[in-house]
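Engineer: Pasting a structure below so you can have a look.
The values are calculated or read from the model by the stated rules, or taken from the named source; none is laboratory data. What you see is a predicted model, and the numbers here were worked out from it, not measured in a lab. Please note: Cβ atoms are built from the backbone with ideal geometry, for glycine as well, and neighbour counts cover all protein chains shown.
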Amino acid sequence: MSEKRGKEKLAEFLAEARTTELALARTLQAHIAMTPASEYRRGLERHLSETHDHATRVERRAKQLGYGRSLPQVGISVAETLVSQALALSKAPLDLIRGDSGSEKLVRNARDECASEAMEIAMYDAIEEFARKLGDEPTAELAASIRSDEERALAEVRKAIPTLTDDVFTAEVEGKDPYDPTRTGAARDIKRAARTVRRSGREAAEEATSEVRSTARQARKIPGVARAEGEVKGIVASESDLAIANYDKLSAEEIIHKLSELSQIDLSKIDAYERRHQNRKTVLDRIASLRADEPWPGYDELTVDEIREVLSEADESTAKKVADYERRHKDRQGVLGAVERELAHQ
């Protein structure tokens, strides 16, 4: 193998590592949102920070090697690997609804975290060995350093599993689920924002509220986060928190008529709320039919003018996705008109 080919292969490994770290970060965010305050959650929060740092350090090293601008383009095989890893790790919405109890969800999440950490450890083993064979000590040392973090994170999750499993026993055998959704990461963030607003004057309150909304809006641009956020909020939501007014007083037919107007996050919230309360199949089936990927992550957060701006540079495929999504949801004529104009110019 030539030295050039060796560096290209190492760049492929770094591309896989960076994408894996970013995908794991999305999963950790969702797990933290549904995990009550505990040493286990604090460990997840520490590792989320580390995971972002790992992605940054790997990208920086790739740039130093001269491959930073086109990491995913170093070969077809790596592109296929990145897609498969993203699909395997980005399961946040499913994590929020599977299992028979909140405690069981946490155990299943912990098992997935162990599998992800073991995969990353093996991945950095390979990068370290390949880099050393290539004589690239800085990359080898980077891989060894990150692997050490992953090994510690794996040990922490495994240490938490017996306690999490005890809670499943209490929930499933004794019939008393210790899981408290009001102490989850999502509930904490909501309460923290509310306290900030209460402490501030009107101007400061508006500023704090704007900051919270801006942060949430940016987070929802990550695929799957909006749906995950809706599921978490639905777990703790009251009727007044829902996007449909007087929800509990409406018939299933009346609710179904209003669902198409809602964003993905509001559909997810109502789905979780409905399952906790009346659990009507007709309502849940209609929500399922409307649950779909946005034309692009963060679409539901945009105004008509912002969507028009994006459409002005969009290709035909994206414009058609916008048209289909809008017709099944908000049906805003301003957006549909912009789509028609863009398609006419294609």
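Engineer: Say whether the condition of being surrounded by fewer than 18 Cβ atoms within 10 Å (Cβ to Cβ), outside any helix (DSSP H, G or I), modelled with pLDDT of 80 or more and in the same structural domain as D136 (by TED's automatic domain parsing) is met by at least one residue in segment 64-79.
Structural biologist: Within segment 64-79, one or more residues are surrounded by fewer than 18 Cβ atoms within 10 Å (Cβ to Cβ), outside any helix (DSSP H, G or I), modelled with pLDDT of 80 or more and in the same structural domain as D136 (by TED's automatic domain parsing).
Engineer: Follow-up. Which of the residues spanning segment 234-256 are among the hydroxyl-bearing types (S, T, Y), more than 25 Å from Y299 (Cα to Cα) and free of Cβ contacts under 8 Å to residues at least 24 places away in the same chain?
Structural biologist: Those that are among the hydroxyl-bearing types (S, T, Y), more than 25 Å from Y299 (Cα to Cα) and free of Cβ contacts under 8 Å to residues at least 24 places away in the same chain: S238, S251.
Engineer: Quick check on this structure: which one of A110, A86 is of a type in the set (A, V, I, L, M, F, W, C), at pLDDT below 55, assigned to a helix (DSSP H, G or I) and under 18 Å from the mean Cα position of the chain (by Cα)?
Structural biologist: A86
Engineer: Need pairs with beta-carbon distance below 9 Å; first residue over 18 Å from A110 (Cα atoms) and within segment 33-57, second surrounded by fewer than 21 Cβ atoms within 10 Å (Cβ to Cβ) and at pLDDT 95 or above; sequence gap 6+ or separate chains.
Structural biologist: Correct list of pairs: D53/D149; H54/D149; R57/S145.
Engineer: Would you check which residues across segment 15-42 are more than 16 Å from the chain's Cα centre (by Cα), not hydroxyl-bearing (S, T, Y) and not in a helix (DSSP H, G or I) and list them?
Structural biologist: Across segment 15-42, the qualifying residues are P36, A37.
Engineer: Related question: Of everything in segment 300-324 that's touching a helix residue (DSSP H, G or I) at 6+ places or on another chain (Cβ under 7 Å) and closer than 24 Å to H257 by Cβ, which residue is modelled with the lowest pLDDT?
Structural biologist: Result: D300.
Engineer: Residues A153, A131, A115: which one is assigned to a helix (DSSP H, G or I) and either touching a Lys or Arg at 6+ places or on another chain (Cβ under 7 Å) or without any contact (Cβ under 8 Å) to a residue 24 or more places away in the chain (or both)?
Structural biologist: Result: A115 is the single residue among A153, A131, A115 that is assigned to a helix (DSSP H, G or I) and either touching a Lys or Arg at 6+ places or on another chain (Cβ under 7 Å) or without any contact (Cβ under 8 Å) to a residue 24 or more places away in the chain (or both).
Engineer: Still on this structure, please answer the following. Being at negative phi and free of Cβ contacts under 8 Å to residues at least 24 places away in the same chain narrows it down to one residue among L302, L259; which is it?
Structural biologist: After ruling out the rest, the residue left standing is L302.
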